[in-house]
Amino acid sequence: MALARCLPRPPHDPPLDHRGRCRVGRARDGRRVPRTRVLIQIYGVTTVADAIEVDRLGVDNIGVVVDEGIPTWDSVDESAACAIANALTRARLVALSLSTDPQRIAATTELLKPAIVHLARAHLMTSDELARLREQLLPHELMLTVPVTGEESLAEATRLSRVADYLLLDTAHPSTGVVGATGHSHDWDISAQIVAQVDRPVILAGGLGPDNVADAIARARPAGVDSETRTSRDDDRRRKDLAKVEAFI
């Protein structure tokens with residue numbers, strides 16, 4: 001089967017409200033920019049049909065997990081990721097990589113041309129590796145996952161914030177250590193400390209759904225919130241439940 005061709009996409013600015021003000025982000029000189037509401041990011045979109053409907057609901061970011069030789073229950077191959085990217089008309093594409101190989105990450109970025117490159121295993125990379133990769137990926141924005149495990153997460157968040165455009169705070173599985181897609185929340189008080197400490201927009205993830213997202217926002221005060229497992233269908237976790245997504249928004 002021929003690989004789908006990802007269409008060129010125009011440069012993406014931070015999401016804007018109806019008055020043209022930035023909802024979240026930072027100026028090029030490092031100053032914070034104002035935001036009027038919390039950014040909404042929906043992960044685990046695996047079909048074009050779901051991408052179109054989630055985009056229509058008005059979310060800011062749509063995330064796809066790209067299979068780079070590390071398949072997961074929520075991953076899609078590069079052809080499917082391209083098809084999803086081409087279907088978006090409003091939301092920004094976030095491409096999540098499970099790789100720590102800079103060449104592989106750069107190749108995926110070149111193919112998909114996402115607004116944001118998201119590294120789920122940045123905590124396994126050195127600061128020098130991340131800094132070099134950051135320069136290589138420009139002008140794409142960079143989102144780095146911080147596993148929230150305890151007070152030690154504060155130091156890791158500070159380290160990663162030096163090269164990231166966004167930090168995503170997620171839950172590590174208690175037995176396997178795998179970060180993300182656990183369906184479980186973490187200590188939001190630690191997340192709140194990270195939000196207050198770093199000079200980057202912070203996206204809160206980990207077990208968020210329609211029933212607890214408001215409490216999470218009130219506790220942690222993040223720039224954005226992310227949902228995957230708890231906005232998926234009960235009968236097929238690879239498909240999005242549009243009613244849950246709408247309630248989450």
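What to note about this one:
- Segment 39-248 - Rg over Rh from alpha carbon coordinates, Kirkwood radius: 0.93
- Residue separation of Asn86 and Asp101 scaled by 0.36 nm, minus their Cα-Cα distance, works out to 2.8 nm of gained length.
- Inter-probe distance in nm under a simple model that places probes 7 Å from Cα toward Cβ, at Lys113 and Ala218: 4.4 nm
- Approximating the spin labels as points 7 Å out from Cα along Cα→Cβ, the Asp211-to-Thr158 distance works out to 3.8 nm.
- Alpha carbon centroid spacing (whole Å) that separates segment 89-126 from segment 182-249: 20 Å
- For segment 99-175, a crude dipole built from +1 on the beta carbon of Lys and Arg and -1 on the beta carbon of Asp and Glu, taken about the Cα centre, is about 180 debye to the nearest 20.
- Packing-based order for 75-82, 231-238, using average beta carbon neighbours within 10 Å, highest first: 75-82, 231-238
- Taking only the C-alpha atoms of segment 124-176, Rg followed by Dmax gives 11.9, 37 Å.
- Computed over neighbours whose Cβ is under 10 Å from that of Ile190, the net charge equals -4, Lys and Arg +1, Asp and Glu -1.
- With a simple spin-label model that places each label point 7 Å from the Cα along the Cα-to-Cβ direction, the separation between Ala247 and Ala49 comes to 2.2 nm.
We did not get these values from a lab; they are worked out from the coordinates using the rules stated. Because the structure is a prediction, the values reported are computed rather than measured. Neighbour counts are summed over all protein chains in view; Cβ atoms, including those assigned to glycine, are modelled from backbone coordinates with ideal geometry.
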